[in-house]
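Inspection log for the structure reproduced underneath, given as structure tokens.
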Amino acid sequence: MPVKTIRQALQEALIHEMRRDPRVVVIGEDVSGGAGTEGGRDAAGGVLGVTKGLIKEFGESRIIDTPITESAIMGAAAGAAVTGLRPVAELMFSDFLGVCFDQIFNQAAKFRYMFGGKARTPLVIRTMVGAGRSAAAQHSQSPYHIFTSVPGLKVVVPSNAYDAKGLLIQAIRDDDPVVFCEHKLMYDLRTDVPDEAYTIPFGEANVVRDGDDVTVVALARMVHYTMEAAEKLAAEGIECEVIDPRTTSPLDEDTILDSVERTGRLVVVDEATPRCSMATDIAALVADKAFAALQAPVRRVTAPHTPVPFAPALEKLYIPDPDRIAAAVREVHGYAR
Amino acid sequence: MITAITMPKWGLTMTEGKVVQWLKQSGAAFAPGDELLEIETSKITNVVEADAAGTLTRIVAPEGTTLPIGALLAVIAPPETPTSDIDAFVAQFVVAEPADTATEEATAAAPREVQALGRTLRCLELGSGDAVPLLLLHGFGGDLNTWMFNQPAFCERRRTLALELPGHGLSSKDVGAGDAAFFTDVIEAALDVERVHVVGHSMGGALAIALAARLPERIASVTLLAPAGLGPEINRDFIETFMRASRRREAVTALQLLVHDPSLIGRAMVEEFLRYKRLDGVVGALETIAHAWFPDGRQAVDLVASLRALTMPVQVIWGRDDRIIPAAHAVAASSAQVHILDGVGHLPHMEKAGEVNRLIRAMIGTG
């Protein structure tokens, strides 16, 4: 099977769906990639190259460059979605959600409900999350938990290229607004990805690793750090079951609860800040629905409740790493009343 | 001579396995076919059997350890071998590692593509030699990996060809009418050898009968594993769950019905099944096939007369606890050799791979 990067997997998903369905359009800042530069359109293919080549095949009526105004992008996309197109809109950095939150939070997410189920809003918002590039506090956040807290939005946080392609195709075919969060350090991660189109259902976690000792739930880049920690811990005789929820809304509660029923121990790893976060949400879920199974307190490994530091040394300390994850697992595993 | 038992490689994707249990203890003598140890992969658990008689002189890999393929598990040596020789053998053992991954990918067995009736099919070919080739036909919803424990056992003296039928695995998803005639046409078009032994499982068993009836001079022998086409009964719940399953829980329910011991089904097998089911076109293809073969939860394809008319050697192998197609259907194969295996469900070639491989070897011989 061909090995592809997340960037390639996302591009394939866009191409499959744009060929399959003429209503699918891409709209965002610099999505043709290079307009106004010496190389012209398609010279860059978007800020991260995901949309490179699309303008040639699909033209400017379906690959729509916009002014630098997120509120206009999201407003146009929400309106287009509710009137019959299936836009894939780019919110380049999720940190910019503030300037277009009304269009997402109070419009797109509410249309179906406000129109008594008569309106559909098949809108996908692709957006970057994650720290690690010294992009400072305004370009490094992971606010998927903010989107997750909004009823009416579905939220996808993929961790590998196979999932990225299947989840993006699912997102485009879904009739509700979906926020699709891409970690900016993961575009070059590779794995086996079929050439064919396929879909991964929302609300279906991936059990990345089997283990009977401690359940570790992790998202996006933290899945890979957790797997690193799990290999080290296995050498010490501690077997982690690693669960990647893949979507935070809907959340596959059953897979998490079933696992904790078996292991009795839970660590949640989340690159986002800890207050009102996915780590907190999942910890609460387990405390609420699997309390009797717990043999140790739930541990959360998260960023601190601060902005993301610019200084590389501080940023490195800010992001959870395999050592911190392993330490939390050891603590939970060794806990005795 | 001192020899090694090493971690086997089952299927295209296995990289490591876990020693679950030693079924012979250190110092024990064993005969060919004796079960030596149980190995669990993320996909399935299987038993390693002895090829020849010997003595399990020393177990190197204790129960519970996970090791890469090729790693030393135990040492086989004649009883009088000095301990120092065994020590030296263990100390000097080197896992045969490929020089680098690029070479490995270039040389490792990879499925090739075959064109048949406008469809692209995957075909895994292993082995070479003058003996009559072996053709392997998987069942409804199966793929090349169906034969992971069997195909490597027959490639010493012959070509072995595992064909992935339309609608299955990564082959084209266009299944035409999806009926026995369509698949038999495709197999005939894809068959690039003069004469073959054929082994078919479930729906592939029915296709083996149909193929042998159509091309009697080209089919040397027929081995049927829990074949379809010999009676009306089939587990309707299984077919429906199998078709519907898009999530892990339903997939586990469906796949566990296939085997006598549900613990055989590992996480990776469930994941592979789901990855297949998620591909565009798969559910539609399976629906077309199911409608042609199992409308209203009954088998519509009847190959009893065709089977009875075959003149080449035929054998039927069935698990006594088959919960998909009842083993009682084997009585329809009046003239064939029939082997009913205890403690086996619908996948005899996976659940009792050693025994099924011996029966196939006895049928196809060395010619």
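The values are calculated or read from the model by the stated rules, or taken from the named source; none is laboratory data. Everything quoted here is computed from the prediction, not taken from an experiment. So basically every Cβ, Gly included, is an ideal-geometry build from the backbone, and we count neighbours across all protein chains shown.
For B:Ala61, are the conditions met, namely being touching a Leu at 6+ places or on another chain (Cβ under 6 Å) and assigned by TED's automatic domain parsing to the domain that holds B:Val90? Yes; evaluated as a whole, the condition is true for this residue. Taking the numbered list (1) surrounded by fewer than 17 Cβ atoms within 10 Å (Cβ to Cβ); (2) more than 21 Å from the chain's Cα centre (by Cα) in turn, B:Leu310 passes all entries but (1).
Taking only the range A:186-223 into account, find how many residues are out of contact with any Phe, Trp or Tyr (no Cβ under 6 Å at 6 or more places or on another chain), within 13 Å of chain B (Cβ to nearest Cβ) and either surrounded by 22 or more Cβ atoms within 10 Å (Cβ to Cβ) or not charged (D, E, K, R) (or both). Residues flagged as out of contact with any Phe, Trp or Tyr (no Cβ under 6 Å at 6 or more places or on another chain), within 13 Å of chain B (Cβ to nearest Cβ) and either surrounded by 22 or more Cβ atoms within 10 Å (Cβ to Cβ) or not charged (D, E, K, R) (or both) within the range A:186-223 amount to 13.
Please find, among A:Gly79, A:Gly116, the residue that is assigned to a loop (DSSP other than H, G, I, E, B) and at pLDDT 95 or above. When all the criteria are applied, what remains is A:Gly116.
Among the residues of this structure, A:Asp188 does not count as one that is on the phi < 0 side of the Ramachandran plot and over 22 Å from the mean Cα position of the chain (by Cα). Here the condition is being among the charged types (D, E, K, R), surrounded by fewer than 19 Cβ atoms within 10 Å (Cβ to Cβ) and modelled with pLDDT under 95; of B:Glu250, B:Glu287, it holds for B:Glu250 alone. For the range A:249-290, residues that are in contact with a Leu (Cβ under 7 Å, 6 or more places away or on another chain), more than 21 Å from A:His333 (Cα to Cα) and not in a helix (DSSP H, G or I) total 1. Inside the range B:264-293, can you point out the residues that are more than 26 Å from A:Gly166 (Cα to Cα) and under 18 Å from the mean Cα position of the chain (by Cα)? Hit for the range B:264-293 is B:Leu264, nothing else. If you filter the range B:66-80 down to residues that are surrounded by fewer than 17 Cβ atoms within 10 Å (Cβ to Cβ) and within 14 Å of chain A (Cβ to nearest Cβ), you find that the one that is nearest to the chain's Cα centre (by Cα) is B:Pro68.
Among residues that are without any contact (Cβ under 8 Å) to a residue 24 or more places away in the chain, charged (D, E, K, R) and within 13 Å of chain B (Cβ to nearest Cβ), A:Glu239 is not included. When residues in the range A:236-248 are screened for being more than 13 Å from A:Asp213 (Cβ to Cβ) and not in a loop (DSSP other than H, G, I, E, B), 4 of them pass.
Of the helices (runs of 4 or more DSSP H) lying entirely inside the range B:265-318, not one is found with 1 or more residues being at positive phi. The residues listed here are B:Ala305, B:Ala290; of these, the one that is hydrophobic (A, V, I, L, M, F, W, C) and touching a Phe, Trp or Tyr at 6+ places or on another chain (Cβ under 9 Å) is B:Ala290.
The single condition from (1) crowded, with 17+ Cβ neighbours inside 10 Å; (2) in a helix (DSSP H, G or I); (3) under 22 Å from the mean Cα position of the chain (by Cα) that A:Val332 fails is (3). Any idea which of B:Val90, B:Val95 is hydrophobic (A, V, I, L, M, F, W, C) and part of a helix (DSSP H, G or I)? Of the residues listed, the single one that is hydrophobic (A, V, I, L, M, F, W, C) and part of a helix (DSSP H, G or I) is B:Val90. Within the range B:185-238, how many residues turn out to be β-branched (Val, Ile, Thr) and under 23 Å from B:Ile340 (Cβ atoms)? Looking only at that region, the number is 6. Among the residues of the range A:202-229, the ones that are touching a residue at least 60 places away in the same chain (Cβ under 8 Å) and outside any strand (DSSP E or B) come to 11 in all. May I ask you to verify whether A:Asp321 is buried (at least 23 other Cβ atoms within 10 Å of the Cβ) and acidic (Asp, Glu)? No.
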